[in-house]
1. Filter region 58-69 for residues that are outside any loop (DSSP other than H, G, I, E, B), at pLDDT 95 or above and not aliphatic (A, V, I, L, M); which is surrounded by the fewest Cβ atoms within 10 Å (Cβ to Cβ)?
2. Going by the conditions given, is residue 91 among the hydrophobic types (A, V, I, L, M, F, W, C), at pLDDT 95 or above and within 18 Å of the chain's Cα centre (by Cα)?
3. Identify the residue in region 70-89 that is charged (D, E, K, R) and part of a loop (DSSP other than H, G, I, E, B) and, among all such residues, is surrounded by the most Cβ atoms within 10 Å (Cβ to Cβ).
4. Out of the residues in region 107-135 meeting the condition of being out of contact with any His (no Cβ under 8 Å at 6 or more places or on another chain), in contact (Cβ under 8 Å) with a residue 40 or more places away in the chain and not aliphatic (A, V, I, L, M), tell me which one is surrounded by the fewest Cβ atoms within 10 Å (Cβ to Cβ).
5. Taking into account only those residues within region 11-36 that are surrounded by fewer than 12 Cβ atoms within 10 Å (Cβ to Cβ) and modelled with pLDDT under 95, which is nearest to residue 188 (Cα to Cα)?
6. Go through (1) of a type outside the set (S, T, N, Q); (2) free of Cβ contacts under 8 Å to residues at least 40 places away in the same chain; (3) out of contact with any Leu (no Cβ under 9 Å at 6 or more places or on another chain); (4) under 21 Å from residue 165 (Cβ atoms) for residue 57 and report which single condition fails.
7. Can residue 191 be described as surrounded by fewer than 21 Cβ atoms within 10 Å (Cβ to Cβ), among the charged types (D, E, K, R) and either touching a residue at least 24 places away in the same chain (Cβ under 8 Å) or touching a Ser or Thr at 6+ places or on another chain (Cβ under 8 Å) (or both)?
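The values are calculated or read from the model by the stated rules, or taken from the named source; none is laboratory data. Predicted, not measured: the structure shown is a model, and the values here were computed from it. When we count neighbours, we look across all protein chains shown, and the Cβ atoms used for this are built from the backbone with ideal geometry, even at glycine.
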Amino acid sequence: MEPLPLPPQAAPPAMAGANQGANVDFIAKDLAQRFPGYHTDRFLLVDATAQKMQLIENGRVSGEWVISTALKGLGSRKGSDQTPTGVHRIAQKIGEGAPLGAIFKARQNTGRIATILTGPDQDSTEDNVTTRILWLDGMEPGVNQGGSVDSHERYIYIHGTDEEGKLGRPASHGCIRMRNRDVMELFDRVDENTLVVVVAQKR
């Protein structure tokens, strides 16, 4: 079902600036108010400071995974190689049925299988997208939607990586990386149009 049209409201600092401590209850209420056309009893919360992603269901953490956001930090501008903050939705799920480690190029399964690197200093020869893809679409005009800050046009994904040893610290070129088995699990637990909130929490 198509989501309801969303009013072009300015995001509050905790969401758009992504620089205030995240509170699950606050975020859930904010999502319900600003995005009434979407289910807000289940959403993903990406904490770029802790390098973790949580699945929130009915106000509780029902899943948690280690991730990698961008090596160059947080930001939405095209060409920045940074991870965009704010509210997104899963626009498309790609790769159902692909084997673990399958390498995707331009969202197409190449038929090749990546060698999974588990050492913290091991570098892949390519920025491989592996196993599953959750393609994100920004929901906040001027923050991660439209113009030079559009997450969807920047091809920002949640995806598997062959550099699993680097998970737990910033390492990507803008996307949100996961272990291959973890992204397979996540893929099966969330639907298209699930909201994804990317924040950086103060410690």
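1. So the residue we want is 62.
2. yes
3. If we take residues in region 70-89 being charged (D, E, K, R) and part of a loop (DSSP other than H, G, I, E, B), then 81 is surrounded by the most Cβ atoms within 10 Å (Cβ to Cβ).
4. This residue is 121.
5. For region 11-36, the residue satisfying everything is 25.
6. Answer for residue 57: the failing condition is (4).
7. yes
Quick grid of which residues meet (1) charged (D, E, K, R); (2) at positive phi; (3) in contact with a Lys or Arg (Cβ under 6 Å, 6 or more places away or on another chain):
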{"position": "118", "(1), (2), (3)": "no, no, no"}
{"position": "148", "(1), (2), (3)": "no, no, yes"}
{"position": "157", "(1), (2), (3)": "no, no, no"}
{"position": "163", "(1), (2), (3)": "yes, no, no"}
{"position": "171", "(1), (2), (3)": "no, no, no"}
{"position": "175", "(1), (2), (3)": "no, no, no"}
{"position": "179", "(1), (2), (3)": "yes, no, no"}
{"position": "182", "(1), (2), (3)": "yes, no, no"}
{"position": "189", "(1), (2), (3)": "yes, no, no"}
